Amino acid sequence: MSGLYWSPIEGLQIAMDGPSGSGKGTVAKLVGEELGLPVLDTGLLYRFAGWQTRQAAADLSDEAAVLEVLGGVLPKMNWRVEGIFFESNDCTSLLRGEDVGGLASQVAHYPKVRELLLDVQRNIALSGCVMDGRDIGTVVLPDAHAKFFLTASQRERARRRWAQLHVKDKELSIEQVADELMARDERDAGRECAPLERAEGAIQVDSTTMRVDEVVDRILAILERKNLIQAV
Ligand code: DC
């Protein structure tokens, strides 16, 4: 990366959307570090919602049941830059698995669940951030100063997810990961409420053949051209 120090405009909000495995989480983290901005992974919120619904043995296909679970657990949840805390315990690592990603995607298509999580996301973004998810540029922060839509080929996205998950599960094959990823993509892009889609004005970056540092540099260059950050 550039090795420069950057100064962002006050309250800079950067929306970073894209499908699973597009690299948006890693890129958001590095861009946030470069700019000294908090990085907020909204997928964790939906993961928490799916995980808690399963913990409560509630019916994932029943919106009212999911809402009832969330009504009980959200007041005891604390979402910080470091992750999600429940009753003061850091449960972030429990939320990262592919199985929890699937649960998250199932509860994420309920409009009332999304509505419940909307204010949580908007409030935390107020003083500036890099926020990553599926609907940040379209719904959560439609007035974000800059919007990016990260993509990569399906094969490459599956390979990246597999490389992350294989460390813990040696039995896992790329094909298994690819199937799960495709099912999740279809659910996330096909739902009626806040589907995964490129926001108007969002800049698309296809990272299939790019290194992470190249993607970050491209994003920083775009932000500089838009006068949203300045080298100091
Ligand atoms: O980014 P992730 O894999 O942690 O997200 C998990 C699921 O949560 C994803 O399949 C869809 C859902 N999600 C969403 O609907 N809206 C967001 N802003 C973030 C995640």
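The values are calculated or read from the model by the stated rules, or taken from the named source; none is laboratory data. Worth saying up front: this structure is predicted, and the values here are computed from it rather than measured. Reconstructed Cβ throughout: ideal geometry from the backbone, glycine too, with neighbour counts over all protein chains shown. For accessibility, only protein heavy atoms count, side chains too; no ligands or nucleic acids. Shrake-Rupley method; radii C 1.70, N 1.55, O 1.52, S 1.80 Å.
Some observations on this one:
- The peptide list 217-224, 182-189, 23-30, put in order of mean Cβ contacts within 10 Å with the highest first, becomes 23-30, 217-224, 182-189.
- Computed [θ] at 222 nm, helices only, for the chain once each DSSP H run of length n ≥ 4 contributes -39500 (n - 2.57): -14500 deg cm²/dmol
- Using equal-weight Cα scatterers in the Debye expression, the normalised intensity of segment 54-128 in log10 at q = 0.18, 0.26, 0.27 Å⁻¹ is -0.83, -1.53, -1.54.
- Exposure ranking of Trp162, Trp79 by accessible area [1.4 Å probe, largest first]: Trp162, Trp79
- Charge dipole (segment 41-198, unit charges on Cβ, about Cα centre) - positive-most of Val120, Gly72, Ala144: Ala144
- For Asp143 and Glu224, the FRET efficiency from 1/(1 + (r/R0)^6), where r spans their Cβ atoms and R0 equals 22 Å, is about 0.60.
- Here the chain yields Rg over Rh of 0.96, to two decimals, using C-alpha coordinates and the Kirkwood radius.
- Candidate residues Leu74, Leu150: accessible-area rank, largest first, probe 1.4 Å: Leu74, Leu150
- Largest-first ordering by accessible area, 1.4 Å probe, given options Ser173, Ser22: Ser173, Ser22
- Cα-based Kirkwood hydrodynamic radius, segment 1-137, one decimal, Å: 15.6 Å
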